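Bear in mind these aren't lab numbers, they're just calculated from the coordinates by the rules spelled out. Worth saying up front: this structure is predicted, and the values here are computed from it rather than measured. Note: ideal-geometry Cβ built from the backbone for every residue, glycine included; neighbour counts use all protein chains shown.
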Amino acid sequence: MLKPLFELHLHLDGSLRLDTMLDIARAEGVALPAMHKSGLYHALRCGQVRDSLPQYLEHFAHTTAVMQSQPALKRIAMELMEDLAADGVKYAEVRFMPSLHTARGISEDFVMGAVLDGLGEGGRRYGVRWGLIVCSMRHVDPEVTRRMIDLAIRYKSCGVVAVDLAGDDNLPAFEHAPHFLRARENGLHVTMHAAEEGPPERVMEAVERFGAERIGHGVKAIRDPRVMDFVKRHAIGIEACLTSNIQMRTAASYESHPALRYLCEGVLVSLNTDNRMLAGTTMQREFEIVRERWCLVEEDERQLLWNAIHTSFAPPDVKTELYNALVA
Ligand SMILES: [Zn+2]
């Protein structure tokens, strides 16, 4: 029997369906690089190695172009819940940056409402537990980050569990830190994209200066034994995204991906897709890959799933439910 799966690192704007992109583009008059499925699949290089970061960011510009109305946002969030259920995922933390969805004039509050509505309705219909993570990005004005954190705090009782800082982690972005500490003070959790492209010390900075409890990617942490020791001592969760890292050339292969070392050394590492559509992967597939390439035994697999539950931002009653599902 298939085990229940849990996903902690999942971007809404990289995880929509191609058919839905085309539907919305036609209905709302949005120009995409191709207006048929196979053309769009190739134009967005779904499941392919990317040539550069700017190219990848351009792909997100196309996905967010069809995520600018309330019906579109609600539909995409609901369909993600359906896709997660079909993939065997019982709990997911979905992340996105609300300010990227106001280009056609809807307010950030309406954006939040539409996404939360879609996750709520989809979650109930398809039996997936979820939490929402509000992102900001390192290169934006810290004032935008302040707004994103305010939104996250305001919608905490509606399903927002955490905040995240994404983007090019070669930038330290310390000017955003006070806003993240404010999120913690207001009862939200913090995760951060760090040591993906940037140096290993981004991990320590994320924890000590931004209050992060989990790290997105953390691929480069392995290069510095002090950072590895720090991650273990502070029980920091590492959200590994293998296929996505290989496509971005952050890791050379599945076999050499540091997540395997993290698992062997007792780091709280979990497996994630990052961007289901753009990476062309699913949680089932990520597990199939590591089962084969890492020669995992049953116990290792269970450990990866346990790590995901343990480092999730789910409330205690939901965590208990997830642990029960894992041992059932
Ligand atoms: Zn990410």
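With both labels modelled 7 Å from their Cα along Cα-to-Cβ, the C264 to K232 distance reads 1.3 nm. GNM remark for the chain: springs join alpha carbons under 10 Å apart, and the peak mean-square fluctuation among D13, D109, D169 falls on D109. Around the amide H of V89, modelled in the peptide plane, lie the amide H atoms of L5, all under 5 Å away and 5 or more residues distant in sequence or on another chain.
What do you get for GluC sites (Glu not before Pro) in region 219-304 restricted to DSSP loop and a cutoff of at most 11 other Cβ within 10 Å of the site's Cβ? Don't skip to the answer; put the middle values down first.
Values: sites: E239, E255, E265, E286, E288, E292, E298, E299, E301; in loops: E255, E265.
Of the GluC sites (Glu not before Pro), the ones in loops of region 219-304 whose Cβ has at most 11 other Cβ atoms within 10 Å are E255.
Given a Förster distance of 35 angstrom, what is the FRET efficiency for E299 paired with A86, based on the Cβ-Cβ distance and rounded to 0.05? E(calc), rounded to 0.05, equals 0.85. FRET efficiency for the S38 to R249 pair, using the beta carbon distance and R₀ = 25 Å, is estimated at 0.50. Adding -39500 (n - 2.57) for every DSSP H run of four residues or longer, then dividing by how many residues the chain holds, sets the calculated 222 nm ellipticity at -14500 deg cm²/dmol. Computed from phi, the 3J(HN,Hα) profile of region 123-130 under the Karplus parametrisation 6.51, -1.76, 1.60 (θ = phi - 60°) reads x, 5, 5, 9, x, 10, 7, 8 Hz, with x in place of Gly and Pro.
List the trypsin sites (Lys or Arg not before Pro) within region 1-79 that DSSP assigns to loop and that have no more than 10 neighbouring Cβ atoms inside 10 Å. Please list the in-between numbers first.
Numbers: sites: R17, R26, K37, R45, R50, K74, R75; in loops: R17, R45, R50.
Hits after loop and neighbour filter: nothing returned.
Relative contact order of the chain, taken over Cα pairs closer than 8 Å and 6 or more residues apart, is 19 percent. Diagonalising the gyration tensor over the Cα atoms of region 5-327 and scaling each eigenvalue by 5 before taking the square root yields semi-axes of 27, 22, 20 Å, largest first. Of the residues L16, L171, L263, which exhibits the maximal mean-square fluctuation in a Gaussian network model of the chain defined by a 10 Å Cα contact cut-off? Among L16, L171, L263, the largest GNM mean-square fluctuation belongs to L171. Magnitude of the charge dipole for region 5-327, about its Cα centre and with charges confined to Cβ atoms of Lys, Arg (+1) and Asp, Glu (-1), is about 200 debye. Pairs of lysine residues in the chain that meet both criteria, 8 or more places apart or on different chains and Cα atoms under 28 Å apart, total 13. 3J(HN,Hα) along region 291-304, derived from phi through the Karplus expression 6.51 cos²θ - 1.76 cosθ + 1.60 where θ = phi - 60°, amounts to 4, 7, 6, 9, 6, 6, 9, 3, 5, 5, 4, 5, 4, 4 Hz, with x in place of Gly and Pro. The string of couplings for region 17-24 from the Karplus curve (6.51, -1.76, 1.60, θ = phi - 60°) is 8, 4, 4, 5, 4, 5, 4, 5 Hz, one whole number per residue in order, with x for Gly and Pro.
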